[in-house]
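A quick write-up on the structure given underneath.
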Amino acid sequence: RLEPRGGSAMHPAAAAARRAGVAAATGALFRFYQRCSAAWCARRWGTGLRPRLAAVVVASVLWALWLVHWSVSREPDARPADYAEPVDRSRRRWQGELLRQGEGADGVSAEGGIAVARMAVSPLGSAARPPRWPLYWVLTAPQHEGGRCVEILASWGRLVPPDSLLFLGAERDHISREGYHFVALEAPFDRKALKELLAWKFVMDNFPDREWYVKGDDDTFFVVGNMNRYLEEFDPRLPYYLGCKFHLGGPGGIQYVSGGAGYVLSAAAARRLTENGGADRCAKRYGALSEGDLAVAECLQTVGVTPEDTRDDHGRQRFHAFPYDNHLRWYANGFHLLNFWYHDWVWGPEIEGAGCCGENTTVSFHYMSSKMRHFVFPPPPHYVAAVAPAGALSSLGAALAAPAQAAMLSPPPGPVIAT
């Protein structure tokens, strides 16, 4: 073993000198054992060939025993020269690092947790490199600029700084009175997959320095504080793809995430999606698909990025594919009795009803248009008591009652929500 303790490589000249020294010491020790053994054998059996052979055998045995003892007595060092200790990505490890660096005054609360809601620090942040908000971007259409986009700005969008919230797919490029950017895309409004891939290209061309990219539809409601806290648990230098995980057509199908429930790419994953002309290649290959979330998943899989299991410690979804009311009244409205794609496609057992949505772990809901202005999460007790009475099959339930077409390349059309 030529590596010193600690795993760093030894200089070749030093290694050669060490080998020569070990060989010389071993030879001298063998000759000493041979002389001692020859003298002992001569006294026992006299002189001649037999005592000489016996001396050689005894010396060899003693030398071998010494060599074994020397080998096992050394501290084992099986690490290669380029060995690196495993990286501890746990929150407590990097919280401790921030405290040791003196950065805990603004970023670590008195309880020892990162104050992520204020976005004062990030796990890789430092005084030399200020932390950045995740970039939230919304895929919209011209007909929804005056309705759904305004509703977002009046609800969860108010919690996001203007430089960290974009609306892509607008009729023309402009900036709202509040300072939020609306960007037009060169894609037909009905080409969802092409629009989403071009939107990712625009995002990475113009905002390449963000650590996290949060994509939503114009009817997606984000719980911004929970989302920011959730992302602090991960290292953006690794390719993360986070969302409500599905397998297309059921177990064994292509793994992707619900675009309407919102999804997140780390900086590493987003670069893999778009760098070296990746977005353009994917637009040519998958731009004809009917849904953007499926096209993005297909493209990411070609560069080795697959969705993570984002359920919380209790098995509850963090990214919810339907409105909060429908998850809350899941069993009362009989959704569990219906035959539709969600039961087969969602990743993991379904946990719905009163225990559907963790107050500190839920990050999004889908189909929330016309509901956002008066919705907060976690909702107050009177809101839960005021939901639709038990047994009333909502318009969502009626839409879900239709069986899914397993051969389709995208999920069935989303349920229609009564306004």
Quick one: putting +1 on the C-beta of Lys and Arg, -1 on the C-beta of Asp and Glu, what dipole do you get for the range 195-335 around its Cα centre, in Debye to the nearest 20? 260 debye
Dipole of the range 209-258 [Lys/Arg +1, Asp/Glu -1 at C-beta], most positive-end residue of Phe221, Gln255, Tyr240: Gln255
Counting only the heavy atoms of the protein chains, how much of Phe234 is accessible to a 1.4 Å probe, in Å² to the nearest 10? 40 Å²
Write down the Å³ per residue value for the convex hull defined by the alpha carbon atoms of the range 258-394. 144 Å³
How many nm separate the modelled label positions at Ser370 and His343, each set 7 Å beyond the Cα in the direction of the Cβ? 2.9 nm
In nm, to one decimal, how far is the modelled label at Asn276 from the one at Arg43, with both set 7 Å along Cα→Cβ? 7.6 nm
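The values are calculated or read from the model by the stated rules, or taken from the named source; none is laboratory data. Model, not experiment: these values are computed from the prediction. Heads up, the Cβs are rebuilt from the backbone with ideal geometry, glycines too, and the neighbour counts pull from every protein chain shown. Accessible surface is based on the protein model in full, side chains and every heavy atom, while ligands, DNA and RNA are left aside. Shrake-Rupley method; radii C 1.70, N 1.55, O 1.52, S 1.80 Å.
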